[in-house]
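Have a look at the structure below, then the notes.
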Amino acid sequence: EQRRAADIIRLLTLYRPLLDAFVIDFFTEGLWAQLPPAWQPALASASPAQLARLLGGRGGPGAAWPLSLLAFAAAARALAFPRGCPGGSPRPPCQSSHLHPLLRRHVKPKKQHEIQRLGKLLQRLSQATGCKHVVDIGAGQGHLSRFLAFGLGLSVTAVESDGRLVGLAERFDQELLRDLGKVRGLAHKRPPRRCQNPALRPLTPRAPQHVAGRLDPAAPWGEFLLPPDPPGPSPAARNPLGGPGGSEDGVLVTGLHACGDLSPALLCHFACSPAVAAVALAGCCYMKLSTAPQPPGCPPGYPLSASVAALPGHQLSYRAREAACHALEEYEERLRGGSTHLRAHCYRAVLESLIRAADPSKRHLGLQPGRKAHALSFSQYAQLGLPLAGLDPAGVPLDSAAVRAMLEQQHKVVAFCTLGQLLAPAVETLILLDRLLYLREQGLHCALVPLFNPRFSPRNLVLVAARIPLAAVLAGLDKDSEDGDS
């Protein structure tokens, strides 16, 4: 793991200008000219389907690719953690047959897939550690907590900083309890039938306990909750262990896509708190990680481990960490199909050029001209985007020869984006390796599991850590997949 981290850093150092570049600066900063000269002709003539094969490592147009480009792509793929086989249908997942119908309510199919898979992993951890109490940090509307409590019979405390979401989660719990009562009432009036689907076995009428509070990374585990922000009518924050001495058997901690610094803070709590028997975390929003030195007692976001912190060149820019959140499988699918979505980056880069020409002080504005920008002509797109930058479209030439020339380079913008997508999994791997190495330094058992289908859940690698060996817990986990649900 240390060697892989060092190798990734060497790769990223070689291609840091590519990694740190913002695609919207494609024209204003002349990004195409910054690529290795040997790569430019091959990439400029490559079709989207050929770029998809380069991205996925499934071959390419033979001698048209320079060996240095093929070596770059092969190194990026080899150093990244395997994300699992997407498999299944290219369509979004449908309703999960592995969840009780009452647990599917208010839950999108993607989230159904995630909570079912993560729930089964937590059930295995519970059986292996003897812990029946789960603390779900960043629980949101409580979908995972509801499955763990009602569906798997675990004792669950759901912690969420937004008091409004806490109230919504409690309302959903009460709604489920009422419907569960109706189902039981009907069952008494009808002859019992043997259930063929294990997911449809009776639910446990035991709702999770919901707590409004924020994590204090500098506080001990038993005092780690702060009041919600902003303060609201939700219950006061209290210790999810149930008392100063904690639960006798300890707890399991989980976070489904714990954002930014929340994941490393939870890992630090786990390392320092014997009351926490195991954790299972799926991170996200790596660009929100703290990279500057933190106040005493506050764990850093990245790097977290002494091993990675000691490696020269380990620093990751905001742009690099943002790139690590991109959905590589989705982009590859768009390339294979020649999707009209591919023009969106070119549109934004041309718009950035026009904005900078009109007012050089306006740079990298967070403009969102619409989610269906790819379906518009560039003129329509610009007429929506320029007012968001405080500019009058009537005063900006939208059909000039310069604009047409930039739009004709869409294939180059797509090729440049593909190179960034190749590096993104390596950046995510470095961030996750840093967390693994931190846990190893604390003498803990840990592993990364590609738990979700990466086509539907781009942040599909779940970090599992425990105070016991994990081999038995993880053995055969892939057999719990949801074949047929997607």
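The values are calculated or read from the model by the stated rules, or taken from the named source; none is laboratory data. All of these numbers come straight from a predicted model, not from anything done at the bench. When we count neighbours, we look across all protein chains shown, and the Cβ atoms used for this are built from the backbone with ideal geometry, even at glycine. All accessible areas refer to the heavy atoms of the entire protein, side chains included, with ligands and DNA or RNA removed. Shrake-Rupley method; radii C 1.70, N 1.55, O 1.52, S 1.80 Å.
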Quick one: would you say ALA42 is under 16 Å from LEU70 (Cα atoms), part of a loop (DSSP other than H, G, I, E, B) and open to solvent by less than 70 Å² (accessible area, probe 1.4 Å)? no
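Just to check your reading of the model, which residue among LEU70, LEU152, LEU121 is within 23 Å of PRO425 (Cα to Cα) and modelled with pLDDT of 90 or more?
Exactly one residue qualifies, and that residue is LEU70.
VAL166: at pLDDT 90 or above, more than 26 Å from ALA472 (Cα to Cα) and buried (at least 24 other Cβ atoms within 10 Å of the Cβ), yes or no?
yes
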For the stretch 17-35, name all the residues that are touching a Ser or Thr at 6+ places or on another chain (Cβ under 9 Å) and part of a loop (DSSP other than H, G, I, E, B). PHE26, PHE27, THR28
Using the structure shown, decide if LEU419 is assigned by the TED database to the domain that holds HIS257 and closer than 30 Å to SER305 by Cα. no
Would you call VAL414 at pLDDT 95 or above and β-branched (Val, Ile, Thr)? yes
Only residues in the stretch 362-379 that are closer than 18 Å to LEU342 by Cα and of a type in the set (Ser, Thr, Tyr) count as the first member; pair them with residues that are in a loop (DSSP other than H, G, I, E, B) and open to solvent by less than 50 Å² (accessible area, probe 1.4 Å), Cβ under 9 angstrom, at least 6 apart or cross-chain, and list the lot. SER379/LEU398
Filtering the stretch 346-365 down to residues that are in contact with a Leu (Cβ under 9 Å, 6 or more places away or on another chain) and outside any helix (DSSP H, G or I) yields ASP359, LYS362, LEU365
When the residues of the stretch 10-26 are narrowed to those that are of a type in the set (A, V, I, L, M, F, W, C) and open to solvent by less than 40 Å² (accessible area, probe 1.4 Å), which ends up nearest to GLU352 (Cα to Cα)? ILE24
Does the stretch 399-415 contain at least one residue that is out of contact with any Lys or Arg (no Cβ under 9 Å at 6 or more places or on another chain), of a type in the set (D, E, K, R) and farther than 15 Å from ARG348 by Cα? yes
Just one of the numbered conditions (1) surrounded by fewer than 17 Cβ atoms within 10 Å (Cβ to Cβ); (2) over 13 Å from LEU407 (Cβ atoms) is not true of SER379; which one? (2)
Which ones in the stretch 247-260 are assigned to a loop (DSSP other than H, G, I, E, B) and under 19 Å from GLY138 (Cα atoms)? GLY260
Please count how many residues of the stretch 208-225 are modelled with pLDDT of 85 or more and surrounded by 21 or more Cβ atoms within 10 Å (Cβ to Cβ). 4
Taking the criterion of being closer than 24 Å to ARG343 by Cβ, out of contact with any strand residue (DSSP E or B) (no Cβ under 6 Å at 6 or more places or on another chain) and among the small types (Gly, Ala, Ser), would at least one residue in the stretch 420-431 satisfy it? yes
If you take the residues of the stretch 435-467 that are over 15 Å from the mean Cα position of the chain (by Cα) and assigned to a loop (DSSP other than H, G, I, E, B), which of them is surrounded by the most Cβ atoms within 10 Å (Cβ to Cβ)? LEU444
